[in-house]
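Data first, discussion second: the structure below is written as structure tokens.
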Amino acid sequence: MRTFIQKLGKSMMGPLSLIVAAGLLLGLVSILTNANLVGDGFATAAGVQAVVGAVSALVGKVFNILPILFAISIATGMVKEDKEYAAFAVVICFVLFHVMINYLLSMNGITADNTAIDYLTKHGSSTLEAYAINSKYDTQLGIFTYRMGIFGGIITGLWTAFIHDKFHTQKLPVAFSFFAGNRFVPIMVLVTVPFVAIVAYFVWPLFSILIDGLGTIIGKSGPIGLFIYGFTERLLIPTGLHHVLNQLIRFTPVGGTAMIDGQTVSGALNIFQAELVTKHMDMNVFHQATRFLTQGTHPFMMFGLPGACFAMYKTAFPKEQKRVKGMLLASALTSFATGITEPIEFSFIFISPILWVFHAFMAGMSFFIMSLLQVGVGNAGGGFVDLFIFGILQGTYTKWYLCVLLGIVYFFVYYFVFKYVIEKKNLKTPGRDIEDNSEDVEQVEASELGNVILKAIGGKENIRDIDNCISRLRLILNDTSVVDEDILKTTGSLGVIRINENNIQIVYGPKVEEAAHALKQAAGTYK
């Protein structure tokens, strides 16, 4: 189950990368409408408004199709082979799933017309009641259906992956052999997904109540809820399950629900992006969304963890400092610029529970303090790029400077705590590990990277599956005990996580895509 959830979390990262890029573009054009920065004349110019309107429409459409993007990403990410057929089948599954729900709704007299706000208010409902009813429904690819958000994509993605893995090698009698194998998958999707939709039709309203209730609890818990979120999210880093938690906060009612320009928007990141370009920004709604976003991560990602790197450098054995300086500096700069923190975190969380819990505590406190100070910096990165575009360039109303001030404090707190614990407990952080303090680890040539990794993990015959997330190579092997960590270090590995006898993760940081590609080529599985 843990492996399944980890793979699910990784599969969700595809849509997120697109959303982050679209958000950066939206953040840049939103600056053009900030009269305090560019002047009233420029901000209201017809040409500027046309550009902003076009970008807003494009980015808005990306957010509108998030459910099917999640469906495709999950289906292709969860299946073991023939991923292109899974991508084809999941589109069919997604459409038919919502068509069936639409049919069931219409049988009960529920349509887009009689759930419209104007219709409801004209027929006796108060404005509040009308919005409450309207918010339960949505239109996906022109199909009136339940407002399920990314959950519709998750359900259809997982169902397609299940059907695909079960039937993509199905053999049929000779007379029907044309429909065998991968061609049998969409047929089985066509036959089975109506039953999935029928179950969802009755179950979803109850599940929706639970999700909305969870969002209400988090919303009413104030800064305490944010501390719990930040603390838990960092504790989950070694398992990879933090991806699932983050997606729930960013794209579902767990992260809040708001009415923006007459439309119901759910999820902290969705609300932030919609509010960013609205003509009349509601600062209360804006702060409710950003409290879950990067404003809570900037202090420890941009400043705290680099402080930890500096402490690890200072506590390294004198003759090892030169060797680890480059690695620690690169990790610190990566965390500062992009918010990718795992290369640093994996250098201490497995050797010191004290530092791991301290780091999680500081992350929770960062979210807690940023919320109390009413900081308003959004998006989903966490590094300087987000702070610059969504904080500094937006103006002082975001209070971005408080992220920097708290971050400076975090740098020194992390530095002194890490330095004290490393020396007190004699931790084997980079530059203090006994097996490495005699000589440098020579790195393999790029052309040999795949072959060396393949050798280190026991050869082609030991591999069941090769995958990767944003910083880790995720492998399913026949036997993880044969993995040689010393050889992996020569490939640039920053650490190895042995989950069980079959599952192992190798931390590469930003180099992970290169490592995964090279290994697949060496193993002959790259397509």
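The values are calculated or read from the model by the stated rules, or taken from the named source; none is laboratory data. If you're wondering where the values come from, they're calculated on a predicted model, not measured in any experiment. Positions of Cβ are generated from backbone atoms using ideal geometry, with glycine treated the same way; all protein chains shown enter the neighbour counts.
For region 272-320, the tally of residues that are of a type in the set (Lys, Arg) and part of a helix (DSSP H, G or I) stands at 2. Taken over region 247-267, the criterion of being in a helix (DSSP H, G or I), touching a residue at least 40 places away in the same chain (Cβ under 8 Å) and not aromatic (Phe, Trp, Tyr) is satisfied by GLN247, ILE249, ARG250, PRO253, VAL254, GLY255.
Mind checking which pairs have a first residue in region 510-522 that is within 24 Å of ILE344 (Cα to Cα) and in a helix (DSSP H, G or I) and a second that is at pLDDT below 85 and of a type in the set (Lys, Arg), Cβ under 7 Å, 6 or more apart or different chains? Final answer for the pair search is VAL512/ARG472. Note on region 79-139: enclosed helices (runs of 4 or more DSSP H) holding 1 or more residues that are in contact (Cβ under 8 Å) with a residue 12 or more places away in the chain, crowded, with 17+ Cβ neighbours inside 10 Å and under 25 Å from the mean Cα position of the chain (by Cα) are 83-107.
In the set SER366, SER335, SER331, only one residue is without any contact (Cβ under 8 Å) to a residue 60 or more places away in the chain, among the polar types (S, T, N, Q) and crowded, with 19+ Cβ neighbours inside 10 Å; that residue is SER335.
From THR160, THR156, THR145, which residue is crowded, with 22+ Cβ neighbours inside 10 Å, in a strand (DSSP E or B) and touching a residue at least 40 places away in the same chain (Cβ under 8 Å)? Give the steps one after another, and end with the answer.
Details: THR160 fails: in a strand (DSSP E or B); THR156 fails: in a strand (DSSP E or B).
Being crowded, with 22+ Cβ neighbours inside 10 Å, in a strand (DSSP E or B) and touching a residue at least 40 places away in the same chain (Cβ under 8 Å) holds for just one of THR160, THR156, THR145, which is THR145.
Taking region 401-428 as the range and being free of Cβ contacts under 8 Å to residues at least 40 places away in the same chain and surrounded by 18 or more Cβ atoms within 10 Å (Cβ to Cβ) as the test, only LEU402 passes.
Those residues that are hydroxyl-bearing (Ser, Thr, Tyr), closer than 30 Å to PHE361 by Cα and without any contact (Cβ under 8 Å) to a residue 24 or more places away in the chain, I need them from region 171-229; list them, please.
Just the residues of region 171-229 that are hydroxyl-bearing (Ser, Thr, Tyr), to begin with: 177, 192, 201, 208, 216, 221, 229.
When the remaining residues are screened for being closer than 30 Å to PHE361 by Cα, the result is 216, 221, 229.
Within region 171-229, THR216, SER221 meet the criteria.
Of everything listed in (1) assigned to a loop (DSSP other than H, G, I, E, B); (2) buried (at least 21 other Cβ atoms within 10 Å of the Cβ), the single unmet condition for ILE351 is (2). Here LYS319 does not fit the description of being surrounded by fewer than 20 Cβ atoms within 10 Å (Cβ to Cβ), under 25 Å from ILE218 (Cβ atoms), among the basic types (Lys, Arg) and in contact (Cβ under 8 Å) with a residue 12 or more places away in the chain.
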